[in-house]
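Visitor: Got a structure here, written out as structure tokens. Questions coming.
Just so it is clear, none of the values below were taken in a lab; they were calculated from the coordinates. Quick caveat, the model's predicted, so the values are computed rather than measured. When we count neighbours, we look across all protein chains shown, and the Cβ atoms used for this are built from the backbone with ideal geometry, even at glycine.
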Amino acid sequence: MSAIHVRFARPCDAGAAVEELPAHGLHHEPRLTETDLEVECRVGEEEEVMAEDSHALDDWLEGRHLPFTPEQTDRCTLVVRPPAG
């Protein structure tokens, strides 16, 4: 197994996200760790799961009217933070 990690600029959002992301299209069950959300996936499926996670996060952030965006920082990490600019 492998895992996608989702890190939030505001740690308070992680708890809400773990409860609400499945309703926004996240097909895997995220679990809260000390610093981020962890979404398990099979080795080799990271790209597919990363795309699903990013889309679910976009929907979740838009629904909460939060001015953040998910950004992929490496093969297994999404960081949710204000957009660059």
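Visitor: What FRET efficiency comes out for residue 12 versus residue 42 if R0 is 30 angstrom and r is the Cβ-Cβ distance? Round to the nearest 0.05.
Guide: 0.45
Visitor: Among 40, 52, 19, determine the one that fluctuates most according to a GNM of the chain built with springs between C-alpha atoms less than 10 Å apart.
Guide: Sorting by GNM fluctuation, first place goes to 19.
Visitor: A follow-up question, please. Counting only Cα, what are the radius of gyration and maximum Cα-Cα distance Dmax of the chain, in Å?
Guide: Cα only, the chain: 11.6, 36 Å (Rg, Dmax).
Visitor: Using alpha-carbon positions, what is the distance between the centroids of segment 62-85 and segment 13-46, in Å?
Guide: 14
Visitor: Which whole-number percentage describes the relative contact order of segment 26-85, with Cα contacts under 8 Å and a sequence gap of 6 or more?
Guide: That works out to 22 percent.
Visitor: Modelled label-to-label distance, residue 33 and residue 84, 7 Å Cα→beta-carbon offset: nm?
Guide: 2.4
Visitor: Sticking with this one: Report ³J(HN,Hα) in whole Hz for each residue of segment 9-24, in order, from the Karplus equation J = 6.51 cos²θ - 1.76 cosθ + 1.60 where θ = phi - 60°; Gly and Pro get x.
Guide: For segment 9-24, the Karplus-derived couplings read 5, 10, x, 5, 6, 4, x, 5, 5, 4, 7, 9, 4, x, 6, 9 Hz, x marking Gly and Pro.
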